[in-house]
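Engineer: The structure follows.
The values are calculated or read from the model by the stated rules, or taken from the named source; none is laboratory data. None of the values given here were measured: they were computed from a predicted structure. When we count neighbours, we look across all protein chains shown, and the Cβ atoms used for this are built from the backbone with ideal geometry, even at glycine.
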Amino acid sequence: MYLGDLILQIPGLAPAYTKHPIFPDLFSAMIVAALISIGLNFAFAMLRKKTTDIDRLSKVMKETNEWRKDYTDAIRKQDKVRISELKKKQAYVNKMSLEMQQQQMRPMMLYMIPSFMLWILVFPTIFGQTVALSPLHIPYLMCTDENVKHDTVLDEKGQPKGVCNISGEVFLWGWFLITSLGTSGIIAKITKTSMPSMT
């Protein structure tokens, strides 16, 4: 069982999805949810800017990558003198890597709790479970033909068993994920908070 599944078993933490969302049509729900996702991305970028020394992080990343390349090259060539010299620097490199990880984790930890609370308490009661319609199928993020077949069956109260009415409807969390991943790079460039590459 995944940690997320386990957490959602705790009473009060399972999202209470409304059957009567504020934005009943998928088009308006899609636009508003995308704007919220972009806004949250922007807020996270600004938080990162305030809590992370990006220039320092870039220098540490560059230095760590250069050491790794040199060390790998020395081992490949069996250059014992070079290996010995580089090993002397290993403790420093490890310390710098740890510092880098801590810098990256700081804004994430500050962002995660309020973001999680919004996901659990606010967004499901505004949007319901599906917020967009996609012509492209992405597994797990949207309704499939099989979901529709199961969800449109009426229960003993005459209500549909699930939320999928049309194949291709995008789940709320799936749409937030798509818009977040699609805009994070652009927002990072605009706010100058791009994380340095590991390569």
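Engineer: Show me the helices (runs of 4 or more DSSP H) found entirely inside segment 60-170 where at least 1 residues are surrounded by 16 or more Cβ atoms within 10 Å (Cβ to Cβ) and not aliphatic (A, V, I, L, M).
Structural biologist: Where helices (runs of 4 or more DSSP H) fall fully within segment 60-170 and carry at least 1 residues being surrounded by 16 or more Cβ atoms within 10 Å (Cβ to Cβ) and not aliphatic (A, V, I, L, M), they are 90-117, 123-127, 145-151.
Engineer: Looking at (1) without any contact (Cβ under 8 Å) to a residue 24 or more places away in the chain; (2) in contact with a Phe, Trp or Tyr (Cβ under 6 Å, 6 or more places away or on another chain), which one does GLN90 not meet, given that it meets all the others?
Structural biologist: (2)
Engineer: Another question, if that's okay. Count, please, the residues in segment 59-87 that happen to be among the aromatic types (Phe, Trp, Tyr) and in contact (Cβ under 8 Å) with a residue 24 or more places away in the chain.
Structural biologist: 1
Engineer: So SER97 fits all but one of (1) in contact with a helix residue (DSSP H, G or I) (Cβ under 9 Å, 6 or more places away or on another chain); (2) small (Gly, Ala, Ser); (3) at pLDDT 85 or above; what number is the exception?
Structural biologist: (3) is the only condition that SER97 fails.
Engineer: Could you go through segment 119-139 and let me know if any residue there is among the aromatic types (Phe, Trp, Tyr), over 18 Å from LYS19 (Cα atoms) and out of contact with any Leu (no Cβ under 6 Å at 6 or more places or on another chain).
Structural biologist: no
Quick grid of which residues meet (1) under 18 Å from ALA34 (Cβ atoms); (2) modelled with pLDDT of 85 or more:
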| residue | (1), (2) |
| --- | --- |
| LEU136 | yes, yes |
| THR144 | no, yes |
| GLN159 | no, no |
| GLY162 | no, no |
| GLY168 | yes, yes |
| LEU172 | yes, yes |
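Engineer: Same structure, new question: Determine the pairs where a residue that is within 15 Å of LYS161 (Cα to Cα), located within segment 14-25, has a partner that is among the aliphatic types (A, V, I, L, M) with Cβ atoms under 9 Å apart, the partner being 6 or more residues away or on another chain.
Structural biologist: TYR17/VAL163; TYR17/LEU172; THR18/ILE126; LYS19/VAL163
Engineer: Filter segment 131-179 down to the residues that are within 25 Å of ILE120 (Cα to Cα) and of a type in the set (Asp, Glu) and list them by number.
Structural biologist: Within segment 131-179, ASP151, GLU169 meet the criteria.
Engineer: Going through ARG48, ARG56 one at a time, which residue ends up being out of contact with any Phe, Trp or Tyr (no Cβ under 6 Å at 6 or more places or on another chain), touching a residue at least 12 places away in the same chain (Cβ under 8 Å), assigned to a helix (DSSP H, G or I) and surrounded by fewer than 14 Cβ atoms within 10 Å (Cβ to Cβ)?
Structural biologist: Selected residue: ARG56, the only one of ARG48, ARG56 that is out of contact with any Phe, Trp or Tyr (no Cβ under 6 Å at 6 or more places or on another chain), touching a residue at least 12 places away in the same chain (Cβ under 8 Å), assigned to a helix (DSSP H, G or I) and surrounded by fewer than 14 Cβ atoms within 10 Å (Cβ to Cβ).
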